[in-house]
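In what follows, a single structure is set out as structure tokens and then discussed.
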Amino acid sequence: MDVEISLNGKRGGGNIFNWQNWDVEISLNGYDTEEREIAAIPDAILQKAQDLQRLSSKLSILPAHQAYFLLRTCICVPKMNYLLRASPTWLCGDELDQFDSVGKSALEAVTNVKMDGLTWAQASLPVSSGGLGIRRVAELATPAYLASVYATSSVVSDITTATECYDLVHQLWQTASGAELPAENVRRSQKVWDAALVKKTCEVIVNTFANDVTHCARLLAVAQPESGKWLNALPVPSLGTLMSDESFRVAVGLRIGAPICSSHLCTDCRLPVDEFGHHGLSCKKSAGRFMRHSSLNEVIRRSLVTANTPAVLEPRGTSDVDERRPDGVSQLPWRNGRRLAWDVTCVDTLALSNVISSSTKAGEAAKKAEEEKRRKYEYLADEYDFVALAFETFGVVGPACLKFLRELGKRIMDATGERRSFEFLLQRLSIEIQRGNALSVTSTVPRSDGLNAVYFVL
């Protein structure tokens, strides 16, 4: 290969080259540099896939929650970002699919959940859209490249006037998304290009389950902003945000609608339980309901203490008529000279009494539960500032509850100086809900004597 370089113009002073004063012409005789660059992309993608496979094989030594967090934020798609934005990887569909296959296998190994078809399609969506955030690079290739093209368009236009490649990637994106090109002032944003493809995928999933109210209610619930907070929490044992492997597995399976157990009879009520395990979430005899209720109340109480508002749980003497009492009462005034009183409830999104309304609008079950709680404790209105804190098993928060949590988060921020207090509060509450869900589901499975039983032979 012959290389010819000619430098025309003024010479820079000293030992430092001032490239603005040079006219550099480089020609590679007998070699097409564009073909060389494109030919190298498949090998680069396959090398990334090998690196991903090697790194993901080491995740088994970590707890599942921590392994997932590393896979999502460090090991999988983040390792491909530069390649996706700097080269037309969308020309190499087979290689991108191979990388995605490795990522899918790694996610299955970490979560211990089988993902096929629609479950993998949902898992690969962003957390904000109801997925697990392990994105498919085959879907990200065109948004990443287009965003990079428009972000550097002013520089690229000075170098070349070729637009055939850009026209092709536009066509591919429009075919996949079924949308018109975004406005010119937002084309630099990868999120804008990606949002149309995510919306298309969500529509396909929802249309597939259009006649199944259970899955429709689930999909609506997990797409709400607060339902995926547990996936964004940093899994640290000392902070209480690390979920056990079994809790994490069940939480993932419930979120994406994957089978999490075999069909069996509930050990508590003897009713049938299907492979999705939803019965445990609404079983009145489930042990997880009580643990979840206590955990949520304890998080609220500790948060109030952090906000300089001490509180007690299960106070006595709030009713002169019967034994009704709210879950907690503050010991100092909360607002307008009145003490705060609250009562927590976590209703099942997919319960027979809620699934119809939940399949049409997210959060209807929580909203209904808040209204019932306010009627139950209306006698407290004169003395206390009462708030009903209603959550759903799939993470949706009732409107009154969300308003209270925002105020509580602001007060914690004022007391501690931590600007992310509201976000951290939602994450902790979301994790406690998922732990309760996992216990509710697993408690329906019949238990047998373990190996330790041999040590108790009479």
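The values are calculated or read from the model by the stated rules, or taken from the named source; none is laboratory data. What you see is a predicted model; the values in this text were computed from it and never measured. All Cβ positions, even for glycine, are placed from backbone atoms using ideal geometry, and neighbour counts span all protein chains on display.
General observations
- Single match in R188, R270 (criterion: in the same structural domain as S128 (by TED's automatic domain parsing), of a type outside the set (F, W, Y), part of a loop (DSSP other than H, G, I, E, B) and over 19 Å from S124 (Cα atoms)): R188
- Whichever residue in the range 353-372 is among the hydroxyl-bearing types (S, T, Y) and part of a helix (DSSP H, G or I) and, among such residues, is surrounded by the fewest Cβ atoms within 10 Å (Cβ to Cβ): S357
- Put simply, of A49, A147, A138 the only residue that is assigned to a helix (DSSP H, G or I), in contact (Cβ under 8 Å) with a residue 40 or more places away in the chain and within 22 Å of T208 (Cβ to Cβ) is A138.
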